[in-house]
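The values are calculated or read from the model by the stated rules, or taken from the named source; none is laboratory data. Just so you know, these numbers come straight off a predicted model, no measurement behind them. Every residue, glycine among them, receives a Cβ derived from its backbone with ideal geometry; neighbour counts consider all protein chains shown. Accessible surface is based on the protein model in full, side chains and every heavy atom, while ligands, DNA and RNA are left aside. Shrake-Rupley method; radii C 1.70, N 1.55, O 1.52, S 1.80 Å.
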Amino acid sequence: MHPKTLKFKPCIFDLDGVIVDTAKYHYLAWKKLANQLGFEFTKEQNELFKGVSRKRCLEILLDIGKVEATPEQFDRWMMEKNEDYLSYIEDMDASEILPDVVKTLDYLKDENVPLALGSASKNAKPILEKVKLLPYFNAIVDGTDVAKAKPDPEVFLIAAQKMGARPENCIVFEDAVAGIEAANNAGMTSIGIGDAKTLSEANHVFKDFTEISTEFLEGLIQ
């Protein structure tokens, strides 16, 4: 698809905290690992993990617990955490989709707006399949496709490329500071989903999709 043939601005969605809330499952898996290593891990500390790669999360966790790790231990713990996380998300279904996400996706799809997923998660595709949202997306870019974590714009630039769109024409929906930075670094329009103070660098911020009107979306994609 040539960039000039796109009628509307393509939209790129992050997954965790935007489409579904899998943060609680990540938290449970990291907490289990922390407890096994002999220390507590709080929900407040878990906020440091938003939009961060699994490797970096483990580095932060080990810093919190003041735990040293050999490369072998590090790799094993990272794998164990992921196995626990996968067991937690095994039973996910459409009930876990966040409010009005489907309404937003339906509107954009009806308008023939190209849609992509841009997520650091390596489990993005299976999660979308479980919640039955995979058919909405023209392109999926996840942790298996990127070498650099947000705030590097790589994930969003690849998504734009897959949709045949210029970065400056793309719109990104994100809930993490690093994700908003990545969208801004890519020269894209950033829509924050969450706390206005936390996501102050975004072009627009909404508490969740229930606050986003059809009129706003219409103006956004023109």
What ranking do 155-164, 80-89 get when scored by the average of other Cβ atoms within 10 Å per residue, highest first? 155-164, 80-89
Solvent-accessible heavy-atom area per residue, rounded to whole Å², over the chain at 1.4 Å: 49
From the phi angles alone, apply the Karplus equation (6.51, -1.76, 1.60; θ = phi - 60°) to region 122-133 and give each ³J(HN,Hα) in whole Hz, x where the residue is Gly or Pro. 7, 10, 4, 5, x, 5, 4, 5, 4, 8, 6, 10
Let's test the formula: R0 of 30 Å, r as the Cβ-Cβ distance of Asn35 and Leu134. What FRET efficiency results, to the nearest 0.05? 0.30
Show which lysines lie in cross-link reach of Lys125 when reach means a straight Cα distance below 24 angstrom and same-chain residues fewer than eight apart are skipped. Lys9, Lys24, Lys50, Lys55, Lys81, Lys103, Lys109, Lys148, Lys150, Lys162
Can you compute the modelled spin-label distance between His204 and Asp63, with each label point 7 Å from Cα toward Cβ, in nm? 3.5
Order by protection proxy (mean Cβ within 10 Å, highest first), peptides 189-197, 146-154: 189-197, 146-154
If we sort 47-53, 214-220 on the protection proxy, mean other Cβ atoms within 10 Å, highest first, what's the order? 47-53, 214-220
Table column - 3J(HN,Hα) (Hz), region 154-163, Karplus curve with 6.51, -1.76, 1.60, x for Gly and Pro: 3, 4, 6, 5, 5, 4, 4, 4, 5, 8
Between region 107-150 and region 1-67, how many Å separate their Cα centres? 16
Can you pull the percent of the chain's accessible area that's carbon plus sulfur, 1.4 Å probe, other chains left in place? 50
For the chain: rounded, prolate or oblate by the Cα gyration tensor [a/c cutoff 1.5]: prolate
Once the piece of chain linking Glu168 and Thr42 is laid out straight, how much longer is it, given 0.36 nm per residue of separation minus the C-alpha distance between them? 41.5 nm
So, over other residues within a Cβ distance under 14 Å of Glu59, counting Lys, Arg +1 and Asp, Glu -1, the net charge is +2
Around Asp175, which amide H atoms from residues at least 5 apart in sequence, or from another chain, sit under 5 Å from its own amide H, with H modelled in the peptide plane? Ile193
Short version: ³J(HN,Hα) in whole Hz for each residue of region 14-23, in order, from phi by Karplus 6.51 cos²θ - 1.76 cosθ + 1.60 (θ = phi - 60°), x for Gly and Pro, what are they? 6, 9, 5, x, 10, 9, 9, 9, 8, 4
Using alpha-carbon pairs under 8 Å, 6+ residues apart, how would you state the relative contact order of the chain in percent? 26
Which residues' amide hydrogens lie under 5 Å from the amide hydrogen of Ile140, considering only partners 5 or more residues apart or on another chain, with H built in the peptide plane? Leu117
With Gly192 itself left out, Lys, Arg at +1 and Asp, Glu at -1 over residues whose Cβ is under 14 Å from its Cβ give -4
Give the residues of region 155-185 whose amide nitrogen is closer than 14 Å to a point set 7 Å from the Cα of Glu211 in the direction of its Cβ. 174-176
Once you sort the root eigenvalues of the Cα gyration tensor of region 97-222 as a ≥ b ≥ c, which label holds: rounded (a/c under 1.5), prolate (a/b larger than b/c) or oblate (the other case)? rounded
Under the rule rounded for a/c under 1.5, else prolate if a/b exceeds b/c, else oblate, using alpha carbon gyration tensor axes a ≥ b ≥ c, region 1-60 is classed as prolate
